[in-house]
Amino acid sequence: MVVTAWPYHDDGDVARQRADISWSAYARELGVNLHRARIERGLSQERVAHLAGIAGFTYQKYEKGESRPGTPMNPQLLTLVSLSQVLGVALCDLLPAFDPDLSDTR
C-alpha cells in the first residue's frame, strides 16, 4: 500500500492547491492593508462599511481576508474602489505588494 503526503492525485490538483494558497495569502494581505488604513483614519468597521455601501459583516470578513469562513475574499472592483475612497488611500496602496501566482489555475 502506498500512502502519499498530498490528498490530491494529479498534477492539476496540486497546481490548483498552490494557486489557492497564493490567493489566500494575497487576500489576507489585502485584509491587513484595509485594517491598517481604517485604523489610521480612526474609523470603525461599521462606519467604513456604511460609507462604502457594503454590509458591516462583509467588511469584517474582508479585514480577515475572507468572504466566507475559509474562503479567500474576492471583492468586486467597484467595492475596492469605494473602500479606497472611503479610507482616503489610492487603490494601489490597498493591494498587496506582491502578485499571487495564478498561472496554474488558467
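Only the coordinates and a few stated rules stand behind these numbers; no lab work does. Because the structure is a prediction, the values reported are computed rather than measured. Positions of Cβ are generated from backbone atoms using ideal geometry, with glycine treated the same way; all protein chains shown enter the neighbour counts.
What order do you get for Val81, Val86 when you list them from fewest to most C-beta neighbours inside 10 Å? All intermediate terms of the calculation are to be shown ahead of the outcome.
On the way: Val81 14, Val86 21.
Lowest count first: Val81, Val86.
Taken one residue at a time, the phi angles of region 56-64 give Karplus couplings (6.51, -1.76, 1.60, θ = phi - 60°) of x, 4, 4, 5, 4, 5, 4, 5, 8 Hz. Gly and Pro are set to x. For a paramagnetic label modelled on Gln76 (point 7 Å from Cα along Cα→Cβ), amide N atoms under 14 Å away belong, within region 34-66, to 52-55. Between amide H atoms placed 1.01 Å from N, distances below 5 Å from Ser67 occur with Met73, all of them 5 or more places distant or on a separate chain.
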